[in-house]
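**Student:** Before anything else, here's the structure in question.
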Amino acid sequence: MSTPTFLRVCGASLLALCVLPALVSPVRGVDTPTTREAPDLTAVRAKIKAKEFKSAIADLNVMIDNGVQHADVYNLLGFSLRKSGDVKTAYTFYKKALDFDPEHKGALEYLGELYVETGELAKARQHVVLLQKLCPQGCEELEDLEKAIAQATPPKTN
């Protein structure tokens, strides 16, 4: 191999060694850790299903403290807070979930349910419209929110 060819091969190899790690693990700012991959929420979901909301809140807060920023985490934290009676903080975390993923069907449903619970049916209906756009053939989140609104709306009398 001639010297110029050898230098081109070495240069290309060196460039690959520098570029490849950046492609495999993107560099992120220390102050803005984000996660697009969903964290393992199996244990948290089991606690929520068992109505162990305080324990679920503690687990979710640990994830956030460890730098996990994901719409599912914020949505489940909002849900657990709402079910624990902290509607104001729940609202904050639903909004944060929607900031990360404006089309997060779970957050749209649960925030809509929060609006139903606080008597803001017009806002809940806005979430129905958003879910109808996301689920033109229907979805569980849409059905659940429509059911919550129907149960909160007094029947019309003629």
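The values are calculated or read from the model by the stated rules, or taken from the named source; none is laboratory data. Owing to the predicted nature of the structure, the values given are computational and were not obtained by experimental measurement. Backbone-built Cβ (ideal geometry, glycine too); neighbour counts: all protein chains shown.
**Student:** Examine the stretch 111-122 for a residue that is of a type in the set (A, V, I, L, M), more than 24 Å from K54 (Cβ to Cβ) and within 19 Å of the chain's Cα centre (by Cα), and state whether such a residue exists.
**Tutor:** No, the conditions are met nowhere in the stretch 111-122.
**Student:** Filter the stretch 30-64 for residues that are at pLDDT 95 or above, among the charged types (D, E, K, R) and farther than 19 Å from G85 by Cβ and give the result.
**Tutor:** Of everything in the stretch 30-64, just one residue is at pLDDT 95 or above, among the charged types (D, E, K, R) and farther than 19 Å from G85 by Cβ, namely R45.
**Student:** For the stretch 95-119, give me the residue count where each residue is of a type in the set (K, R) and surrounded by 22 or more Cβ atoms within 10 Å (Cβ to Cβ).
**Tutor:** 0
**Student:** Here is a check on your reading of the model: is A90 more than 15 Å from P39 (Cβ to Cβ), free of Cβ contacts under 8 Å to residues at least 12 places away in the same chain, outside any loop (DSSP other than H, G, I, E, B) and not β-branched (V, I, T)?
**Tutor:** In short, no.
**Student:** Let me ask something else. Quick check: anything in the stretch 138-157 hydroxyl-bearing (S, T, Y) and assigned to a loop (DSSP other than H, G, I, E, B)?
**Tutor:** Within the stretch 138-157 (the criterion being hydroxyl-bearing (S, T, Y) and assigned to a loop (DSSP other than H, G, I, E, B)), the answer is yes, since at least one residue qualifies.
**Student:** Shifting gears a bit: Report, by residue number, each residue of the stretch 120-158 that is among the small types (G, A, S) and either crowded, with 18+ Cβ neighbours inside 10 Å or touching a residue at least 12 places away in the same chain (Cβ under 8 Å) (or both).
**Tutor:** Matches in the stretch 120-158: A124, A148, A152.
Residues checked against (1) modelled with pLDDT of 95 or more; (2) surrounded by fewer than 13 Cβ atoms within 10 Å (Cβ to Cβ); (3) under 22 Å from K96 (Cβ atoms); (4) of a type outside the set (V, I, T):
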position: P21; (1), (2), (3), (4): no, yes, no, yes
position: V24; (1), (2), (3), (4): no, yes, no, no
position: R28; (1), (2), (3), (4): no, yes, yes, yes
position: H70; (1), (2), (3), (4): yes, no, yes, yes
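**Student:** Here is a follow-up. Take the stretch 111-134 and flag every residue that is in contact with a Lys or Arg (Cβ under 7 Å, 6 or more places away or on another chain) and either assigned to a loop (DSSP other than H, G, I, E, B) or of a type in the set (S, T, Y) (or both).
**Tutor:** Scanning the stretch 111-134 gives a single hit, Y115.
**Student:** Right, another one. Does the stretch 99-110 hold any residues that are among the charged types (D, E, K, R) and assigned to a helix (DSSP H, G or I), and which are they?
**Tutor:** Scanning the stretch 99-110 gives D99, K105, E109.
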